[in-house]
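The values are calculated or read from the model by the stated rules, or taken from the named source; none is laboratory data. Remember, it's a predicted structure, so these values are computed and weren't measured experimentally. Please note: Cβ atoms are built from the backbone with ideal geometry, for glycine as well, and neighbour counts cover all protein chains shown.
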Amino acid sequence: MSHGKTSDVTGAMGERRGAVRHLPGSGGKTRRRLLLATLAAVSLSIGCASTHPREVAGATQTNNALSKNQSSGEKTMNEQIQTLLKTYQRSLNEGNVDLVRSVYADDAVFIGQPFPTATGKERIVALYADFLSKLDFKVEFEVLEVELGENLGFVRTQSVGTIVPKGETPKGTERNREVFVVKKIDGAWKIYRYIFNPEV
């Protein structure tokens, strides 16, 4: 009885298997679906592979541009500092009080031997007006070190030249060492603190 049922089931399964195997065209459709799926996967992988290098190249170009902008910004700041010091140098050599006024911040402090400490632009300008009326300068500043932040920094220099009473002939050169603390005010670098003494 059980064998008969097993045989019937096996036969039925065989018929079903035969029916599935021999459905007209099902194997061709399945193969076509597999082929299309495979082609789609390959196309997707190729698309990803071709997109990534462009993305990487774009990122590299952006980073390079940022680096160039940063370098350009640093160069611009250094040029502004050079211009500031050249203007200060001219103010001494030309005895030009207006140039002195242009390079100092309103709340600047001047500390230099053998002069008294002067605080504030007006007192500093008055001090320069006094000694520029009595002394002839012919000096040149050399920048030794520059450190700049966003709005504050310092410049270390040394100067070489002559400083003599007006009408006298220089007999030799002298050297001084200086530290300028600079501050950016309304987009322009100004002398915020100035300290100097003779080179020994």
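Observations on the structure shown:
- Condition met for residue 176 (within 19 Å of residue 81 (Cβ to Cβ), assigned by TED's automatic domain parsing to the domain that holds residue 76 and loosely packed, with under 13 Cβ neighbours inside 10 Å): no
- All told, residue 146 falls short of being more than 21 Å from the chain's Cα centre (by Cα) and over 18 Å from residue 110 (Cα atoms).
- Residue in region 100-110 that is at pLDDT 95 or above and aromatic (Phe, Trp, Tyr) present: yes
- The set of residues from region 90-144 being more than 27 Å from residue 170 (Cα to Cα) and small (Gly, Ala, Ser) comprises 102, 105, 108, 118, 120.
- Picking from residues in region 179-188 that are closer than 20 Å to residue 79 by Cβ and either β-branched (Val, Ile, Thr) or out of contact with any helix residue (DSSP H, G or I) (no Cβ under 9 Å at 6 or more places or on another chain) (or both), the one that is surrounded by the most Cβ atoms within 10 Å (Cβ to Cβ) is 182.
- Unmet criterion (only one of (1) farther than 18 Å from residue 200 by Cβ; (2) buried (at least 16 other Cβ atoms within 10 Å of the Cβ)) for residue 143: (2)
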